[in-house]
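The values are calculated or read from the model by the stated rules, or taken from the named source; none is laboratory data. The shown structure was predicted, so the numbers you read here are calculated from the model rather than taken from an experiment. We place every Cβ from the backbone using ideal geometry, glycine too, and count neighbours over all the protein chains shown. The protein model used for the area step is the full one, side chains on, heavy atoms only, and it has no ligands, DNA or RNA in it. Shrake-Rupley method; radii C 1.70, N 1.55, O 1.52, S 1.80 Å.
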Amino acid sequence: MTASAGEHGPPGDAPARHWALFVIAAIGVALVIMPLAFGMFAKTPKGAVMIAGFKPYMTTARLSGYQSELHQINAGVRQTDTSVAAYLGGGTSNRTSFASTYPEFASFDQQWPAIDNKMTGLMSQVQGNLANYEDVAALPSFKLFPWFFVIPGVLIAGCAIAVLVRPGRWHPLRWVLFVLGLGLIAAPLIFQMFQRAPAGGHMMTAFKTIETTQNVQQIQGYFGTMAVGQGAIRLEIVPALEASGLSQAQIAAKFPDVAALDTNWVHILNDMTPMIGAMSDNVANYQAIASLPPFALFPWFFVLPGALVAGLAITGGLRQRRPGSAEAPEKQVSSNAVSVKEGVS
């Protein structure tokens, strides 16, 4: 009978401990279910692919370079439809005559202001979120996020169920539960999730209008239009300048922006095209991550369950004293066991 008392504790202790254990077990099960309910096992790996895909382009030097290249294109186009047009027109800037002579460039020239506005705005938007991207990239790999819930959840639920089946295991396992709860609380602090997760949310909001199939296809179409315009400069306008008697050196001196665009166009194209390709490749990945709960909530998905588990592990393990008794719970158990023995004898 002594073993029975030691196994189950005083009668007044069981109800308080049982409800606490059921709550702890429910929290553990909820942590396991959460990644499944949100589809995290399918979605978060796509987030990891997106972060890796953007990495080569999300640097200050690379993004500043894109802005510089857009300015270079704009300067070349503006000089062509003003100074070059005037020179080839015999000193008068007759755009109607110039447009009729070089229709492909004229078509591009009409479309360029909208293209320039769109591309410059896009690059500014991306560059403005560079710090947010770096915060997200500094978090653990997105592939691991579902396991950050499942593994603690399994351990927490397993400990709680083990104590419900064998109450005598409570004293050692309560400290395991307490440590698991603290681990959940500590994880967002260690990984700076309270700062980095909201930054990721800002980035996802900013990319909402960027990472769409329609937007990417529009930008890809712009590159086709730009290529036609640059082709007109290289194959028609520059040869016309040479035919007027200007050498390559004289063209570069008289029309430096046109010469720079003609010289650097291949580099500009090779520099920008992979970034647009990365945007296109990651539309589906972005949409998968965007369908998860807001990033700012993720730290609390760890802290709140952790605080509950740690708190219940402590308070649920305190034995209730009987009214009017000043004895410690362990002494009450011993006293009860002695009384039982004396009664039997």
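The figures follow:
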read-out: Selection from THR96, VAL136, PRO152, by position along the positive dipole direction of the stretch 95-155 (Cβ); value: PRO152
read-out: Under the span-like rule (Cα at least 18 Å along the axis, Kyte-Doolittle mean at least -0.5), DSSP H helices of the chain; value: 14-37, 40-54, 145-165, 170-190, 193-206, 213-232, 256-281, 298-315, 329-344
read-out: The stretch 181-250: trypsin sites (Lys or Arg not before Pro) in DSSP coil with no more than 14 other Cβ atoms inside 10 Å; value: LYS208
read-out: Which of ASP257, ASP109 is most accessible, then next, and so on - probe 1.4 Å; value: ASP257, ASP109
read-out: Amide H within-cut-off set for THR59, under 5 Å, with H built and near neighbours excluded; value: none
